Amino acid sequence: MLMEKNRLDLEYIIRTSDHILYNCISSPSGLEDWFADEVNIRGDVFTFFWEGEERKAELVSSKKNQFVKFHWLEDGKEKTYFEMRIKIDEMTGEVALLVTDFFEDGDEEETKMLWDSAVDNLRRVIGG
């Protein structure tokens, strides 16, 4: 039986342009800089490698300089995904990365810490 997953929404201010941020969240080389050790792409399937672990995700949808949305293939038919969306504040021009992910009961803090750590790497890479 599959456990019901819970949705997690996070927001991070990133000091960069939407164009640079989009490249970091949408291209294999950009994702390798901060998200995974290695990223390969074949068609719409991205293969992510972390310390020998491999996970495949399908790029479900994307819009240039706005968002990317992936579905983990091992999650089967579940409606779970992870999405990275770029938001620009109209008043301040501040660029934010909005992350939506899903976690199993009891894993919320771990999931949040993984994203916090990854985004810290992203900020180091782009100087933001």
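Any read-out appearing in this document is the output of simple, stated calculations on the displayed coordinates, not a laboratory observation. Treat the numbers as computed from the prediction; the structure is a model and nothing was measured. FYI the Cβ positions are ideal-geometry reconstructions off the backbone, even for glycines, and counts take in every protein chain you see.
The table that follows gives values for the structure above.
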{"quantity": "Point-charge dipole on Cβ atoms (K/R +1, D/E -1) for region 5-126, about Cα centre, debye to 20", "calculated": "660"}
{"quantity": "Whole-number percent relative contact order across the chain, with pairs defined as alpha carbons under 8 Å at least 6 apart", "calculated": "31"}
{"quantity": "Estimated 222 nm signal from helices in the chain, with DSSP H stretches of n ≥ 4 weighted -39500 (n - 2.57), rounded to 500", "calculated": "-8000 deg cm²/dmol"}
{"quantity": "³J(HN,Hα), Karplus 6.51/-1.76/1.60, whole Hz, each residue of region 5-19, x for Gly, Pro", "calculated": "9, 9, 8, 10, 10, 10, 9, 10, 7, 10, 7, 6, 8, 4, 5"}
{"quantity": "Pairs of lysine residues in the chain - Cα separation under 21 Å, sequence separation of 8 or more or cross-chain", "calculated": "18"}
{"quantity": "10 Å Cβ shell holding at most 12 others, DSSP loop, GluC sites (Glu not before Pro): longest site-free stretch of the chain", "calculated": "5-50"}
{"quantity": "Helix 108-126 axis, angle to the chain major axis (alpha carbon atoms, nearest 10°)", "calculated": "40"}
{"quantity": "Burial ordering of Lys63, Lys77, fewest other beta-carbon atoms within 10 Å first", "calculated": "Lys77, Lys63"}
{"quantity": "Pairwise centroid distance, computed over Cα atoms, of region 1-46 with region 78-97, Å", "calculated": "12"}
{"quantity": "Residues Met113, Met84, sorted so that the one with the fewest Cβ neighbours within 10 Å comes first", "calculated": "Met113, Met84"}
